[in-house]
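Working notes for the structure below.
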Amino acid sequence: LSRERILTALRSDRTNDVLNEHEKVKQTIVQIASHEPDVAVKAAYMILERSGSVQSDFTSGAVPPVAAIDLNLGCPQKIARSGNYGSFLHDENPQSAYDVLSKLRSELPPEIGVTAKIRLPPTQADAAAGKLGNEARTIPPPNAEERIHRLIDSGVDLITVHGRTRFENKVAVGAANWDAIRRCVEAARLYSGDKNFPIFANGGIESYNDVCRCLDETGASGVMSSESLLENPGLFRDTGSSGEIITPRRV
């Protein structure tokens, strides 16, 4: 039920200003960051309550403004290391990440989805180069498929995969690994038994053509963009049929 609500919200026509009789605002997914399960649940309920998304009965047709709570397991910035969240939490203390997700899923209403945005795990090459520090002394880096399995076991409804590791950031950023995202898509659908399990692809998206190409090459359910979308809010708009070009100046 929560997964269907998420996908319905994401499929909604954002260009249509006409809302149905039950819809006060367009639904959204709100991201939080935490390494403590109880704190994450408290934060999630604060968001749901302040947004008017906590209701005892959703069967009347009412649509909660917040469709899901997302856990940030992808941030590679130094502040994420100091706060013990983002990709550092997932890489260095993955069980804590899965404990947070499991707690969110067990404590939140079933109508509210739980999702996660992740990066690819460190590679054996990263370990050999000494980038992992104490991490390499405990267990070898997991592969992407193992990471997806653990997330599904934690009860998530949707996963967004950034096709880079935490080390591929800023000056070290390279091309997003869409092939790894494709493997995550295949792993999720095989492991979950749901041939349509939603996986979103992230990274390497600079134009609408990239969106289409990414969907074709990865088999993902959707595409997420961040920096490119800030530069061009019309990124997801197909202008192929009209030939219209939305230039940065016009944006």
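The values are calculated or read from the model by the stated rules, or taken from the named source; none is laboratory data. For clarity, every value in this text was computed on a predicted model and none was experimentally measured. A quick note on method: Cβ atoms are made from the backbone with ideal geometry, for glycine too, and the neighbour counts reach across all protein chains shown. These accessible areas exclude ligands, DNA and RNA; they are computed on the full protein's heavy atoms, side chains included. Shrake-Rupley method; radii C 1.70, N 1.55, O 1.52, S 1.80 Å.
Odds and ends about this structure:
- Sequence of Arg3, Arg147 from largest to smallest accessible area, 1.4 Å probe: Arg3, Arg147
- Using the Cβ of Arg189 as centre and a radius below 12 Å, the other residues enclosed give a net charge of 0, where K and R count +1 and D and E count -1.
- Cut-off 11 Å between beta-carbons: net charge of the residues surrounding His162, Lys and Arg +1, Asp and Glu -1: +3
- Karplus-based coupling profile of the range 178-190, in residue order and whole Hz: 5, 5, 5, 5, 4, 5, 5, 4, 5, 5, 5, 6, 6, with θ = phi - 60° in 6.51 cos²θ - 1.76 cosθ + 1.60 and x standing for Gly or Pro.
- Summed side-chain charge close to Gly219 - residues other than Gly219 whose Cβ falls under 14 Å, Lys, Arg +1, Asp, Glu -1: 0
- Largest first, the residues Leu229, Leu101 sort by 1.4 Å accessible area into Leu229, Leu101.
- Volume per residue of the C-alpha convex hull in the range 67-121, rounded to whole Å³: 74
- Length released on extending from Val30 to Glu49, taking residue separation times 0.36 nm less the Cα-Cα span: 5.6 nm
- Heavy-atom SASA rank of Glu227, Glu36 (probe 1.4 Å, accessible area, largest first): Glu227, Glu36
- With DNA, RNA and ligands ignored, accessible area of Asp238 (1.4 Å probe; Å², nearest 10): 90
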